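Reading through the structure tokens given below for one structure.
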Amino acid sequence: MERDPYDILSILVAFSPGDKVKFLKDIKNDGTYPGMKRGELIVKEGAAGQVIRFLGYAPVFGDDMFEVVVEESGSIVVCRACELERLDDE
């Protein structure tokens, strides 16, 4: 997705809504994902997704947080920027 040069937020954060991403690690339930047990796998490493929105900076993690929809399952997860990698548009 092409970035708007006048959108200051898209310049300051790693991903923008609509960006296609790959998960760099398994994402497990930390106890906040409904309907699953703590520690249960939500997203497998290498899965593709799309950024829904930027949630803000989380000082406790020292990273930006994003809401991402997982392509395969349709699940929506919250993850850190360091857990994602942008996929090139094909």
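Yes/no per residue for (1) out of contact with any strand residue (DSSP E or B) (no Cβ under 6 Å at 6 or more places or on another chain); (2) charged (D, E, K, R); (3) modelled with pLDDT of 95 or more; (4) more than 16 Å from residue 13 (Cα to Cα):
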site	(1), (2), (3), (4)
30	yes, yes, no, yes
38	yes, yes, yes, yes
46	yes, no, yes, yes
52	no, no, yes, no
57	no, no, no, no
61	no, no, no, no
64	no, yes, no, no
71	no, yes, yes, yes
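When segment 10-48 is filtered for residues that are touching a Leu at 6+ places or on another chain (Cβ under 9 Å) and in a loop (DSSP other than H, G, I, E, B), the ones remaining, listed by number, are 14, 15, 16, 19, 24, 26, 29, 45, 46. For segment 51-65, the criterion of being assigned to a loop (DSSP other than H, G, I, E, B), farther than 21 Å from residue 88 by Cα and in contact with a Gly (Cβ under 8 Å, 6 or more places away or on another chain) is satisfied by no residue at all. Among residues of segment 44-69 that are on the phi > 0 side of the Ramachandran plot, those with a Cβ under 7 angstrom from a residue that is among the charged types (D, E, K, R), sequence gap 6+ or separate chain, pair up as 46/22.
The values are calculated or read from the model by the stated rules, or taken from the named source; none is laboratory data. These numbers were taken from a predicted model, which means no experiment stands behind them. Methodologically, a virtual Cβ is constructed for each residue, glycine included, from the backbone with ideal geometry; neighbour enumeration extends over all protein chains shown.
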